[in-house]
Amino acid sequence: MASAQAHDLSRGRRWLARAIVAVAALVAVLAIFAVWANRQVLDADNWATISSELLEEPEIRSQVAAFLVDQAYAQIDIAGELAAALPPRLDPLAGPAANALRGFAERRTNRLLTRPKVQEAWEQANRLTAQQFIAIAEGDSRAITLAGNAVVLDLRVVLTELVRLLGAPGKLVRKIPPDAGRIRVMSADEVSTLQNGVGALRGMSAVLPGVSIALFALAVLLSPGRRRRTLMAAGFGFILAGAIVLVGRNLGGGYVTDALAPTASVVPAVEAVWAIGTDMLRDVAQAAIVMGIPVVVAAWLAGPMRPAVALRRAMAPWLRTRPWLAYAVLAIGLLLVIAWGPIPATRMVLPVLLLIVLSIAGLEVLRRQVVREFPDVTSGDVRLSMQASVQRAVRAVSSSRPEDGAKPPEPVPHAPDAGASRVEQLERLAALHDRGVLTDEELAAEKAHVGANGSTS
């Protein structure tokens, strides 16, 4: 009865650990979105940087140019100005000329938006918009603008520069009203909704990553005897969370494009905005995947599978007698990863420090496990084991089924020590097996080979 209760308790604990891993993976997904939203939406510098990247996209730049030209035509009677400048008998040509000038103005504006001065004005306008957005979202009453408790992007500076370059006289430029070129980013009602969630967002971005990691650690602690498997499940949990976010980003892009693109002509611009605006989300998701991969590899390397055992046995002499060499190899690998910088997380101080600490801790745990498993294996034993593996591979290739009519190849003889008798060879194989150099299957194969050679000698 007691044994059955213990068995039930162990089974229940296993299911509890699995449930905790699943919850931790879900929390990791929410943490990725929270970190992205906090860094992207509530950081004015990141917002301004993204705006510069947006303006570099031709599809977006053409839409901005069309908006500015529409604003210019709305604020200035281009046809009237042309009619006043033309002789009276040419007044009917003022309208067609104004329409023809629109296409020229859009092309000129597109080129204008590539100039450093205008791009700087664009970035500054977006930075001010971000600061306004953050201040209003956090309930700062000083952020109330002429447009009310709403968020606007003010491009009046860019608009006046455009009108001036189109040759309009200074008196017309001065007549452009203060609210010209303003884009409403968010209405007052939407801001009220945002204000209710900003505090929670900041808290989640700070707490959820730690909660996810703590839940994974708890699952490992609750799995005595199965901690390696639980650790591998935790690694896969991080990978799964990152993959879910990446898939959600791709699916969300299609939904946003369908919702925000009224005509097919603006679809490329909306797609470009979504891709650039969620670049940081992709980076955070990739960081979660990269963090999970070493955990899975470490759990596999510590496991009972034959390749993992063989690899630990091969590393045993150096991990036991020359640990400094293993740490030197680890340091070189980390330096190469940091220099390469495959993801933004590898170029940030805190993630890099976390990576270094976890790598050192993992290597030390692996070193102690290898020392316990293979206390007597020497580099010579490893060399002999590798030679035996190569010879078995050669024999396997040589003993494969020959072509029709071809003579089967002669088996490649094992290379024992000169003058060693069959008994001595078997004793040596048994010693290698006892020391962990040869597995049970390898011992059986070598014994069969020695026996075959002895019967034909």
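Remarks
- Test: residue in region 258-266 that is touching a residue at least 40 places away in the same chain (Cβ under 8 Å), farther than 30 Å from A17 by Cα and touching a helix residue (DSSP H, G or I) at 6+ places or on another chain (Cβ under 9 Å): yes
- Which numbered condition G248 fails, given (1) assigned by TED's automatic domain parsing to the domain that holds R282; (2) at pLDDT below 90: (2)
- Of the residues making up region 344-357, at least one is in contact (Cβ under 8 Å) with a residue 24 or more places away in the chain and farther than 29 Å from T230 by Cβ.
- Residue match in region 153-173 (condition: within 23 Å of L260 (Cα to Cα), at pLDDT below 70 and assigned to a loop (DSSP other than H, G, I, E, B)): no
- Condition check for A85: modelled with pLDDT under 75, over 24 Å from I276 (Cβ atoms) and in the same structural domain as G181 (by TED's automatic domain parsing): yes
- Residues located in region 32-51, provided they are among the aliphatic types (A, V, I, L, M) and either over 17 Å from the mean Cα position of the chain (by Cα) or farther than 15 Å from R282 by Cβ (or both): A34, V41, L42, A44, A48, I50
- Subset of region 10-48 that is of a type in the set (A, V, I, L, M, F, W, C) and touching a Lys or Arg at 6+ places or on another chain (Cβ under 8 Å) - its residue that is surrounded by the most Cβ atoms within 10 Å (Cβ to Cβ): A17
- Residue count, region 384-396 (criterion: modelled with pLDDT of 75 or more and either part of a loop (DSSP other than H, G, I, E, B) or over 14 Å from A310 (Cβ atoms) (or both)): 2
- Scanning region 298-308 for residues that are in contact (Cβ under 8 Å) with a residue 12 or more places away in the chain and surrounded by fewer than 17 Cβ atoms within 10 Å (Cβ to Cβ) turns up W300, G303, R306.
- If the condition is being surrounded by fewer than 19 Cβ atoms within 10 Å (Cβ to Cβ), among the small types (G, A, S) and either assigned to a helix (DSSP H, G or I) or in contact with a Cys (Cβ under 8 Å, 6 or more places away or on another chain) (or both), then region 234-276 contributes A243, G248, G252, G253, G254, A259, A264, S265, A275.
The values are calculated or read from the model by the stated rules, or taken from the named source; none is laboratory data. What you see is a predicted model, and the numbers here were worked out from it, not measured in a lab. Positions of Cβ are generated from backbone atoms using ideal geometry, with glycine treated the same way; all protein chains shown enter the neighbour counts.
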